[in-house]
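Colleague: This is the structure I have questions about; it appears just below.
The values are calculated or read from the model by the stated rules, or taken from the named source; none is laboratory data. None of these values were measured; they are calculated from a predicted model. Don't worry about glycine lacking a Cβ; one is built from the backbone with ideal geometry, like all the others, and counts go over all protein chains shown. Heads up: the accessible areas ignore ligands, DNA and RNA and are worked out on the full protein's heavy atoms, side chains in. Shrake-Rupley method; radii C 1.70, N 1.55, O 1.52, S 1.80 Å.
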Amino acid sequence: MTTIAESNLERLAALDPAFARMVGATTRHVRVPELTERETVFLYVVADVCQPSLGLPFEAHVRAGLAAGVSVVDIHTLLRFVSYDTGYPAAAAGLERLVELEEALGLLRPEASLPAEELLVPGPSPMPPSAQARLAELDPHFAEYFSLQSRMRTDPGFAGLSERERAFATMSVDVHYQTLGETFAIHVGRALRAGASPDDVRAVLRFNAQFGATRVWQAWQALNPLLAG
C-alpha cells in the first residue's frame with residue numbers, strides 16, 4: 001500500500017526527480033522522536049502558512065494530519081490561534097485553502113467557535129506585566145492592540161490545543177519570521193513551563209530546519225543562550 005509520503009514523493013518526482021530525492025533524504029533526516037505526530041502536523045501547517053506554501057505541501061500535510069487523527073476542527077483552531085503571529089491575511093489564506101480541501105475531500109465544515117464577546121472589550125491582559133510595560137513604552141496604541149490579541153487567544157474555543165502545542169506553534173512562527181528576540185524568549189519559556197524538556201524545545205528547531213536551514217541557524221544562536229540560562 002502506498003503511503004501519503006510515498007505518494008507525495010511520486011508527485012515531486014514528476015516535477016523534478018533529483019529534487020524529489022533531495023526531499024526524501026531531508027524528510028528522513030528531520031524526523032525527531034521528541035515531537036508527537038500531532039505536533040509535527042501542526043508545525044507543518046504553521047510552516048505552510050508562514051512561507052507561504054499552500055499548494056502541494058499544504059494539501060499533503062492536511063491529508064497526513066487527517067490520516068493521523070488530527071481533525072479539521074484542530075487545524076481551524078490552530079490557524080485562528082497563530083493568526084496574530086502570522087498576520088491575519090496569511091491565516092485567512094490558510095483558512096481559505098483549508099475550506100477548499102474540506103470541500104474536495106467531502107469533509108463536514110466545523111461550526112465556528114467565536115471568541116466570547118467579553119474578550120473583545122477592554123479588560124486585564126494575560127500577558128506578563130513586564131511585557132505589557134515594554135509594549136506601552138514602544139507605543140500605547142500598539143500595546144492596546146496587543147492586549148486585545150492576547151485576550152482573544154485565552155478564549156475557551158482554543159482549549160483543543162495544549163499549552164505545549166501552542167508554545168511550539170508560536171516558536172515556529174518566530175523561526176519562520178526571524179522574530180528571535182523577546183517574543184521568541186517568551187514562547188520558549190512557555191514551552192518549558194508547559195512541561196517540555198530542553199531536548200523537546202531543541203526538536204522544534206531540528207524539525208523546522210527543512211523550511212530554511214539558514215533561518216534555523218539564526219534561531220539556534222538565540223535558543224542556546226536561553227536554555228543555558
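Colleague: For segment 160-193: of the residues being open to solvent by less than 40 Å² (accessible area, probe 1.4 Å), touching a Lys or Arg at 6+ places or on another chain (Cβ under 8 Å) and not basic (Lys, Arg), which is farthest from Pro225 (Cα to Cα)?
Modeller: Filtering first and then ranking leaves Glu165.
Colleague: A further question on this structure: Can you name the number of the only condition in (1) touching a Lys or Arg at 6+ places or on another chain (Cβ under 8 Å); (2) modelled with pLDDT of 95 or more; (3) part of a helix (DSSP H, G or I) that Gly157 fails?
Modeller: The number of the failed condition is (2).
Colleague: Name the residue, out of Arg151, Arg202, that is in a helix (DSSP H, G or I), at pLDDT below 95 and either of a type in the set (D, E, K, R) or surrounded by 21 or more Cβ atoms within 10 Å (Cβ to Cβ) (or both). Write out each step before concluding.
Modeller: On the way: Arg202 fails: at pLDDT below 95.
Result of the check over Arg151, Arg202: Arg151.
Colleague: Oh, and also: What tally of residues in segment 203-217 results from selecting those that are touching a helix residue (DSSP H, G or I) at 6+ places or on another chain (Cβ under 8 Å) and without any contact (Cβ under 8 Å) to a residue 60 or more places away in the chain?
Modeller: 4
Colleague: Sticking with this structure for a sec: Evaluate the following for Gly157: is it touching a residue at least 60 places away in the same chain (Cβ under 8 Å), closer than 28 Å to Val70 by Cα and open to solvent by less than 30 Å² (accessible area, probe 1.4 Å)?
Modeller: yes
Colleague: Please verify whether Glu10 is at pLDDT below 90 and either touching a strand residue (DSSP E or B) at 6+ places or on another chain (Cβ under 9 Å) or in a helix (DSSP H, G or I) (or both), treating the condition exactly as stated.
Modeller: yes
Colleague: Then there is this: Can you tell me how many residues within segment 207-229 are within 24 Å of Gln51 (Cβ to Cβ), open to solvent by 50 Å² or more (accessible area, probe 1.4 Å) and at pLDDT below 95?
Modeller: Going residue by residue through segment 207-229, those that are within 24 Å of Gln51 (Cβ to Cβ) are 207-223.
Cutting the leftovers down to open to solvent by 50 Å² or more (accessible area, probe 1.4 Å) gives us 210, 213-215, 217-218, 220-221.
Next, from what is left, pick out any that are at pLDDT below 95: 210, 213.
Going through segment 207-229 one residue at a time, the tally reaches 2.
Colleague: Mind checking which residues of segment 24-36 are part of a helix (DSSP H, G or I) and surrounded by fewer than 13 Cβ atoms within 10 Å (Cβ to Cβ)?
Modeller: Step one: of segment 24-36, the residues part of a helix (DSSP H, G or I) are 24-29.
Result: Ala25, Thr26, Arg28, His29.
Colleague: Of the residues Phe42, Phe58, which single one is among the aromatic types (Phe, Trp, Tyr) and modelled with pLDDT of 95 or more?
Modeller: Exactly one of Phe42, Phe58 is among the aromatic types (Phe, Trp, Tyr) and modelled with pLDDT of 95 or more, namely Phe42.
Colleague: List, please: which pairs have Cβ atoms under 7 Å, are six or more places apart or on different chains, and start with a residue in segment 119-136 that is closer than 12 Å to Arg151 by Cα and end with one that is modelled with pLDDT of 85 or more and polar (S, T, N, Q)?
Modeller: That search, which allows pairs on different chains as well, returns Ser125/Gln132; Ser125/Ser147; Ser125/Ser150; Pro126/Ser150; Met127/Ser147; Met127/Ser150.
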